[in-house]
Every structure is written in structure tokens, then in C-alpha cells.
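Working notes, structure below.
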Amino acid sequence: MDSFRFALSFALMVCLSFLLLFYIYFRLLYGVKINREVPRWIYKFGQAFQGRVHVEYENATTSAALRDANIFLFFWLLSNVLSFAFLYYKRGNYYAAVYQCCKLQFLIVLLAMMLHSLFQFFRMTFHSSREARRWYSTTNALSWLAFFSGSLLASFVSTMGFPERPITAQIDGTKLVVGSTKVSSLIDAGFSFAGKSAESKVTNKRNDPFYYGEYLEITKDGKSYGFMSVTPTWKDEDALKNCTITYYEIPGDCAQLAEVQFNKVNLTTLSFSDFQTKTITNIFSLKPANYKEIQNESYYVLTMQTKDHALWKNYSLYAYFDTNGVVFYYGIRAQQSIWE
């Protein structure tokens, strides 16, 4: 839970940094519109960032200062669009391109700052007017705050990961999202859990990083549909109906295997050769932003969101086979620090 609080604080810091960036820009925009100076601290903030060569920035809330700020923001947007287009062309995955752009914000903002400086240089070279030689503290404040915000975002995504779309399962026509679906949804659909009623207490002992809460068999009309880990969401103990399903496993010899789908793929249609010749992402038509596949002689594992699961959930899909190539079991797991 401590790691979750830290990750949440980190995310809040990133959000506040970008909010300050937008606040400064809109104060400049509003100031130009009503002909009023921005707060003096914005000027001081912009003057504080200096390189090796001291630059005398002009403190002004004018249309020229706003235009200069807009030019920088345009270069920042352009750098992001070009980076996204290149990454999307290279990977063919929209979500992965967004993820990589977030990780590269440090370099993308640097590129925007360089393009803005080059623009200023050419403007001073080809225009001899005094207006062309002005550098504004408001733009400097925006550009350096963008650099700081972009660096924070890149650091956050690199360490905390990126939210992934969960793997869904369909059990006898009932949708299951491991890591999100509550037990009450399955109880309402006619399922029951061995040895438990809806009001039975479930305890999360927090002594296993993989199997949270309690591991129970799930049945319907007397037929087994596999096993689930049911976990109190924010507590150490809660009623079964309020628990979250954090793991689902169905044995290969289960009579109801034909009634179970992972990501709309019927498990009975799969064979050992499918996992030998294809990637798991292709088998289940998944396009995660950040993932890792383990392919061994007897087990195949896909993990999505491979960074620390302090804030965003990790999702794993398992397929285990015996030495004869017969499926032993399939499984889906969600992991998050709040359950550990």
C-alpha cells in the first residue's frame, strides 16, 4: 500500500506540473485579452532560467509575447505529432506509440526548445526590427516548465509504467475482467463459490505475491468452471460479494472448457502448435503498449505492463502444457500493490 501512495503522489506531482504550465499560458492569454500584466512571479520565474550566456528577457504581456509563446507550443505539438507518426509507422500500434511518446517527452521538449531557438535565430538574421530581437520571460517560463513537466512525465512512465487494457474472459456468456469484476456480478449471473455464501468473510493474508485473498472453485448448476482468487479490494477482510476477482484459472480437462473464452477466443480451438508457432498477442488479438512474452517448451506467459505495479495493474495470461502437448490449464492474473 505504501508503494501505491508513493506512485499516487508521483502522479499528482506530474499533473500539478502540467496544470501550472497551462495556468501560466492562460494567464498570458487572458492578460493580453484584457490588457493586464501577468503576475510578477511569472516574470521572475522566466528570468530565473539562464544558460551560460545571460539573456535579458523582456517582461511583457503583449500580443507579441503571446505569439512567441504560441510558436513554442506549436513546435512542442509538432515534435509530438512527428514522434508519434514515426513510432506508429514503425510499430503499427497506436497505444504503444502513445506510450513511447510519453517516455520520450524529455527529448521531445528538448527538440521543441531547439526548434524555437532556431526560429528565433533566423528571425533575428532576416529581420532587423527591434521586435524580432526580443526574448520574452513568459515564453522562457513556459519552455522550461514544459521541460520540467516532460521530464517528470518521462520519469513517471519509465518507472511506474502505463495503464493497459485488461484481458477479458467470457464464462458461460458472462463477461469477466480479471482485476476489476466483483464477485457479486458472477453471483448475480448464477455462479457460486465452493464453501462460501455471498456474505461469507474473505481474508487477504498478504503473504503471497501471486495468489491474493482466497483461492476458490467456481461452479454453476453443479458444474465446475475452474478456480478464482477472490480478494478484498481495499481491506484485509470483506464479504465475498464485495471482493474483486484477481485470478482465474481453468484446467484443460474441465468439462466446461468449451464455455470459456479469453478475449473472445474459445479455448477449445487452441492447440499446442498455436503457441509454438505464434505469439500470444497474435493468438488473442492483443496490442499492448508494454509487454513481455515467455515461451518455453511447456509454458507460455504474456505479461502486459511490465513495470512496477504500484499504480497500474499488471496483467498476465498463462498457458501450461504437459510433456505430451496436452493443455494443463489456462489462466489470467491481475497484480497491484494494493493487494500485496
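So the label point goes 7 Å from the Cα of residue 265 along Cα→C-beta, right? Which residues of the range 286-327 then have their backbone N under 14 Å from it? In the range 286-327, the label zone of residue 265 (backbone N under 14 Å from the point 7 Å along Cα→Cβ) covers 286-288, 293-295, 300-304, 316-320. Spin-label pair residue 211-residue 276: with each label point 7 Å from Cα along the Cα-Cβ axis, the two points sit 3.1 nm from one another. Two tests apply to each whole DSSP H helix in the chain, Cα reach of 15 Å or more along its axis and mean Kyte-Doolittle hydropathy of at least 0.5, and the ones passing both are 2-34, 63-91, 105-126, 137-160. Neighbour counting of Cβ atoms within 10 Å sorts the residues 57, 136, fewest neighbours leading, into 57, 136.
For the range 181-297, pairs of C-alpha atoms spaced more than 20 angstrom apart make up 52 percent of the total.
In terms of surrounding Cβ atoms within a 10 Å radius of their Cβ, 309, 116 rank from fewest to most as 116, 309. Adding -39500 (n - 2.57) for every DSSP H run of four residues or longer, then dividing by how many residues the chain holds, sets the calculated 222 nm ellipticity at -14000 deg cm²/dmol.
Quick one: net charge of residue 198's neighbours, Cβ under 12 Å, K/R +1, D/E -1? Present the calculation step by step, with values, prior to reporting the outcome.
Numbers: positive: 182, 196, 201, 241; negative: 188, 199, 238.
After counting each charged neighbour, the total is +1.
Out of [x] 0.92; [y] 1.45; [z] 1.34, which label holds the value of Cα Rg over 2.2 N^0.38 Å that was computed here? Derived directly from the coordinates: [z].
From least to most packed, judged by other beta carbons within 10 angstrom and beginning with the fewest, 321, 10 follow the order 10, 321.
Any read-out appearing in this document is the output of simple, stated calculations on the displayed coordinates, not a laboratory observation. Small disclaimer: the values here were computed from a predicted structure and weren't measured. Note: ideal-geometry Cβ built from the backbone for every residue, glycine included; neighbour counts use all protein chains shown.
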